[in-house]
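Note sheet for the following structure.
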Amino acid sequence: MQKFYNDLADWWHLISDPVDYAEEVDFFRQQIPEIIARDKNSYLELGSGGGNNATHFKQDFDDVVLTDLSNKMLRVSHNLNPECDHIKGDMRSLRLGRAFDFIFVHDAIDYILSLGDLQLVFETAYVHCKPDGVAMFVPDFVCETFRIFTDSGGHDADDGRTARLLEWNEPIAEDGITYKTHYVFALYTPEKPMRLEHEIHTLAVFPRADWLRLLHATGFEAHTIRDNFGRDIFIARKPAL
Ligand SMILES: C[S@@+](CC[C@H](N)C(=O)[O-])C[C@H]1O[C@@H](n2cnc3c(N)ncnc32)[C@H](O)[C@@H]1O
């Protein structure tokens, strides 16, 4: 398990501020007006991390369940979203025994490293989706949109802690699917030496056609749209009964 989502989890909201997710969540909610208009509607997120998306989406849903592999990220999310249910689970195998109007999978899907595992995630979404419900998947890239990038960020807390992040990726590996992203963190707590961390994460991209083929094979009616950040957003509807 990555240090980023465990030992460093308490720094998450200084690295990735929930406020910065407002614009994209606004775009996502515009794609599902009929789900948001439903009475007693329900939301399940797979790989919900620090709960940054949920902090905006929770206004639109009566019942919100957030799931993640990391107990520490769930705890950080619970501090931000105490009214939501938090459950530990792997998006490839989670089975809650109930169904939701909307299933959301954000950038956590980038950690799914094979088409076989991607199919398992789609099956998890399908069994938790009500008939006429929607699953939405937001990978950072598909093969066709992959690009080399460098990014930086970070925030200052009221208690004097500061976090800064430098992030960059490598080209897609020879397997045609995986690539590495480097994260360098500078983490400062008053009166302590600066803590520096470097971690490499392995992520994956798949061709758009494979996404759509596997979503259809699972039983969804699926299409993709582009958002303002140039990402493919996969919108998968489970047919009504
Ligand atoms: C970049 S963070 C997600 C941040 C999230 N978008 C937010 O709003 O805060 C990626 C998360 O994916 C989780 N993750 C990775 N693989 C997973 C899996 N197979 N099942 C569930 N969660 C997973 C990690 O534990 C981590 O919390």
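The values are calculated or read from the model by the stated rules, or taken from the named source; none is laboratory data. Model, not experiment: these values are computed from the prediction. Note that each Cβ is placed from the backbone with ideal geometry, even for glycine, and that neighbours are counted across all protein chains shown. Ligands, DNA and RNA are stripped out before the accessible areas are found, and what is left, the full protein with its side chains, is counted by its heavy atoms. Shrake-Rupley method; radii C 1.70, N 1.55, O 1.52, S 1.80 Å.
What do you reckon, is Ile109 of a type in the set (A, V, I, L, M), touching a Pro at 6+ places or on another chain (Cβ under 6 Å) and either within 30 Å of Ser42 (Cα to Cα) or part of a loop (DSSP other than H, G, I, E, B) (or both)? I'd like the intermediate steps shown before the answer.
Details: of a type in the set (A, V, I, L, M): yes; touching a Pro at 6+ places or on another chain (Cβ under 6 Å): yes; either within 30 Å of Ser42 (Cα to Cα) or part of a loop (DSSP other than H, G, I, E, B) (or both): yes.
So Ile109 fits the description; yes.
For the range 119-137, residues that are in contact with an Asp or Glu (Cβ under 8 Å, 6 or more places away or on another chain) and either near the ligand (Cβ under 9 Å from one of its atoms) or open to solvent by 10 Å² or more (accessible area, probe 1.4 Å) (or both) total 1. Within the range 70-86, being within 10 Å of the ligand (Cβ to nearest atom) and out of contact with any Lys or Arg (no Cβ under 7 Å at 6 or more places or on another chain) holds for Ser70, Lys72, Met73, Val76, Ser77, Leu80.
Here is a yes/no grid of residues against (1) without any contact (Cβ under 8 Å) to a residue 60 or more places away in the chain; (2) closer than 20 Å to Gln2 by Cβ:
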position	(1), (2)
Asn41	no, no
Val64	yes, no
Lys72	no, yes
Cys84	yes, no
Leu96	yes, no
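Quick one: which of Ala9, Ala99 is small (Gly, Ala, Ser) and away from the ligand (no atom under 12 Å from the Cβ)? Spell out how you get there, then give the answer.
On the way: Ala9 fails: away from the ligand (no atom under 12 Å from the Cβ).
Going through Ala9, Ala99 in turn, just one is small (Gly, Ala, Ser) and away from the ligand (no atom under 12 Å from the Cβ): Ala99.
Take the conditions (1) closer than 16 Å to Ile235 by Cα; (2) small (Gly, Ala, Ser); (3) surrounded by fewer than 22 Cβ atoms within 10 Å (Cβ to Cβ); Gly116 misses just one of them, which is (1).
If we only count strands (runs of 3 or more DSSP E) wholly inside the range 138-214, which ones have 3 or more residues that are modelled with pLDDT of 95 or more and either of a type in the set (A, V, I, L, M, F, W, C) or open to solvent by less than 30 Å² (accessible area, probe 1.4 Å) (or both)? Working first, answer last.
Values: elements: 150-156, 162-169, 178-188, 195-204.
Qualifying strands (runs of 3 or more DSSP E): 162-169, 178-188, 195-204.
Against the list (1) assigned to a strand (DSSP E or B); (2) modelled with pLDDT under 95, the condition His223 fails is (2). Filtered by the rule that a residue be under 27 Å from His155 (Cα atoms) and in contact (Cβ under 8 Å) with a residue 60 or more places away in the chain, the range 173-193 gives Tyr183, Phe185, Leu187.
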